[in-house]
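Read-outs: derived from the displayed coordinates by stated rules, not from any lab. Remember, it's a predicted structure, so these values are computed and weren't measured experimentally. Neighbour counts run over all protein chains shown; Cβ positions are idealised from the backbone, glycine included.
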Amino acid sequence: MKVVFIPDYRKGNPYQKDLADSLSKEGVIVNFGTIVGTSKMPSAFWRWRKIDILHLHWQHPFLLANNRIKTVLRSACFISGLLLLKLFRVRIVWTVHNIINLEGRHRRLELLFSKLVARLCNKIIVHCPSAKKAVIEAYGLKKDCLIECIPHGNYIDSHENNISKTQARNHLQLNNEDLVFLCFGLLRRYRGIPELIDAFKRLNFTKGKLLIVGQPHDNGLAQDILRRCSGINSIRTIFEFIPHDEAQIYVNSADIVIYTCDTSFFSPCQMPGGVILGMSFAKPLIAPAIGCIPDVLDAEGSFLYDPSDKEGLLKAMQLALGADLTEMGNHNLQLAKQLQWDDIAKKTFNIYEKCLGE
């Protein structure tokens, strides 16, 4: 079976590589398609006409452009390419990670064309039951049998994990007595970093440290974060892309991993990789109770807060001060171990077979 994953996001996220590696055990040959410009889309689709499955993961790189006119042209070209593939009996599977792009650019246009893409799919995959409901409502789908629910796999074997908390803290020059909160990953505006900084300031815990680690999406966001952190020694920012083999330094140094978001941009389909990463490193989590997050986390390993409550994040951080964080982290690791990529690949392979059998 020949499958192409588009777009290729393996550099910043091990999700596609882990899934492809496990699919290979089922006899699936997975290739990766790069993001191409509008003018090059026809030739790319023509090359893909001989494959069995085109597996779309993120739609926005193929729909969005710098302005509305170019967005319409790019989207029309992409949808025309999907129609061409269907003429050659190529099946289309789409894992919906986000309803629309989380940056919110040309949102109405993207939603319109995403609805069209959904109607060309043989199957749609989501990561949790709440995401299935969200996709049906957002895209106006009438048949829920089109959508299959497959969980997000763990990252236990995706990153090196062979240094202790003490070694990690020595590397970062952190005290062992500190309670370290970690915000890790690509820093985008939807991550709600300013709100996190404000909540940490109000926590007013002398032994508390906040690490904000990752590459900012734009300079304006970076400057805003630095302005809010100015003069606060208990907050450290590390603005750079962190390779997979270095993630353990930051995650192992932390007592608790925080995932925050701006709900005006958050997708109800999203299963944040930062949440899975924290679980895979046996860390407790602080996260909003929205989207797929409550489907994988529970009160035994996490502090889930209501994002509509302005005090929710602060309350969650306060609860963490008196909790057995080690026990909570071990609980999350056991939950993560249930999310095996080989099991997920088998379920994905079954969906491919269903599509080919139609």
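A Förster radius of 41 Å, combined with the Cβ-Cβ distance separating ILE163 from GLN223, puts the computed FRET efficiency at roughly 0.80. Computed from Cα positions, the angle between helix 219-229 and the longest principal axis of the chain comes to roughly 20 degrees.
Within 10 Å of each residue's Cβ, count the other Cβ atoms and sort MET41, MET279 from fewest upward.
Working: MET41 16, MET279 28.
So the residues, fewest neighbours to most, are MET41, MET279.
In the stretch 165-337, the ratio of gyration radius to Kirkwood radius, Rg to Rh, stands at 0.92 when only Cα atoms are counted. For helix 325-337, what angle does its Cα long axis make with the longest principal axis of the chain, in degrees from 0 to 90 and rounded to 10? For 325-337 against the chain, the angle is about 20 degrees. Separation of the stretch 126-200 and the stretch 43-100, taken as the distance between their Cα centroids, equals 27 angstrom.
Within the stretch 126-180, the GluC sites (Glu not before Pro) that combine a DSSP coil assignment with at most 14 other C-beta atoms in a 10 angstrom radius are GLU160, GLU177.
As a length-normalised measure over Cα pairs under 8 Å and 6 or more apart, the relative contact order of the stretch 165-337 settles at 23 percent. By the rule of a second cysteine Cβ within less than 4.7 angstrom, the chain holds isolated cysteines at CYS77, CYS121, CYS145, CYS149, CYS183, CYS229, CYS261, CYS269, CYS355.
Only Cα pairs under 8 Å and 6+ residues apart enter the sum, and on that basis the relative contact order of the chain stands at 17 percent. Helix 341-357 and the longest principal axis of the Cα set of the chain meet at an angle near 20°. Taking Rg and Dmax of the Cα atoms in Å as calculated from this structure, the corresponding entry among (i) 24.7, 90; (ii) 19.9, 68; (iii) 20.9, 65 is (iii).
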